[in-house]
Amino acid sequence: MIITSDHARRFREEGFFVLERVLPERDLDMLRGECQRFIDERDEEMDRLGVDQIDLDRRGSRYFVHAYGKSPAVERFLACELMVRIARAALGDTVHLFNEQYVVKAAEQGLPFSWHQDGGFIEYAHRPYLTCWIALDDVNETNGTVYLLPYSRAGTREVVEHVRDEATNDLVGYTGDDPGDPLIVPAGSIACFSSTVLHRSGANTTDRMRRVYVAQYSAEPILDADGSGPRMLAELLGAHPAA
């Protein structure tokens, strides 16, 4: 796999780049298998609590599930050479694992997700980080792919104020008319975008799940508001050899 200077330049200028079919088949199979296991566990938790929604998760509709600490195989993937190389292309030589989660839209029920920046979920100043949106299925406009708004059209590369939509519980950071650029790629592709890039996703109108695994990396640990400790994860990866 080749990550070029053009990828790094596009990341600086527009906030993202896309790598098609870069995930090895064995990793793709592993991520899919673990995804199903976590969905089943989340449904069992809803059964136990007698509810159909926990936080942003809605039974049979959409799921946001963390794997770190529960899947050694996923943890190895997060620190593999491929992911570290991608993170370094965007962030520089020093990279930390910041966060991860599965994002799943169920067949014919997956809800859309409003325009937002990942950085909009952190209420205080912090250094921008990298989101790797890993398609576990072929994605297109019919099954809830992500739409990215380049910096040049968004008019900003800073985190903007987000307002919560009471109907969906989504945080919304953009209400303009630009539809964004849809990501139409095969399974195993990765969209790599800054936490300051506005993005959204459509509904899944197909008869199959749309599964994505999201891995996030930072150039430095992102701490709690009071600086007392990491907000999420802060695992240093692939420390660069001394010159």
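The values are calculated or read from the model by the stated rules, or taken from the named source; none is laboratory data. No experiment lies behind these values; they were computed from the predicted model shown. Because the Cβ atoms are built from the backbone with ideal geometry, glycine has one as well, and the counts that use them run over all protein chains shown. Note: accessible area is taken over every heavy atom of the protein model, side chains too, but ligands, DNA and RNA are not part of it. Shrake-Rupley method; radii C 1.70, N 1.55, O 1.52, S 1.80 Å.
Centre-to-centre separation between the Cα atoms of the range 185-242 and those of the range 80-136: 2 Å. Scalar couplings 3J(HN,Hα) for the range 159-166, obtained by applying the Karplus form with A = 6.51, B = -1.76, C = 1.60 to θ = phi - 60°, are 5, 9, 5, 10, 10, 7, 7, 5 Hz; x denotes Gly and Pro. Counting Lys and Arg as +1 and Asp and Glu as -1 over every other residue whose Cβ lies under 15 Å from the Cβ of residue 227, the net charge comes to -2.
In the range 1-115, the alpha-carbon atoms span a convex hull of 139 Å³ per residue.
Surface composition of the chain: carbon and sulfur make up 48 percent of the accessible area, probe 1.4 Å. Within the set of other residues whose C-beta is less than 10 Å from the C-beta of residue 78, count the net charge using Lys and Arg as +1 and Asp and Glu as -1. Computed value for this residue: -2. Length, then width, then depth: along the principal axes, the Cα atoms of the chain run 56, 41, 40 Å. Using only side-chain charges placed at the Cβ, +1 for Lys and Arg and -1 for Asp and Glu, the dipole size of the range 117-205 relative to its Cα centre rounds to 300 debye. Using the rule -39500 (n - 2.57) for each DSSP H run of four or more residues, divided by the residues of the chain, the 222 nm mean residue ellipticity is -7000 deg cm²/dmol.
Express the accessible area of the range 61-168 per residue in Å², computed with a 1.4 Å probe while the remaining protein chains stay in the model.
Values: 4550 Å² over 108 residues.
Result: 42 Å² of accessible area for each residue.
Relative to the Cα centre, the charge distribution of the chain, modelled as +1 at Lys and Arg Cβ and -1 at Asp and Glu Cβ, gives a dipole magnitude of about 520 debye. Looking at the range 1-93, the GluC sites (Glu not before Pro) that sit in a DSSP loop and have at most 16 other Cβ atoms within 10 Å of their own Cβ are 20. Over the range 81-216, the alpha carbon radius of gyration divided by the compact-protein estimate 2.2 N^0.38 Å works out to 1.03.
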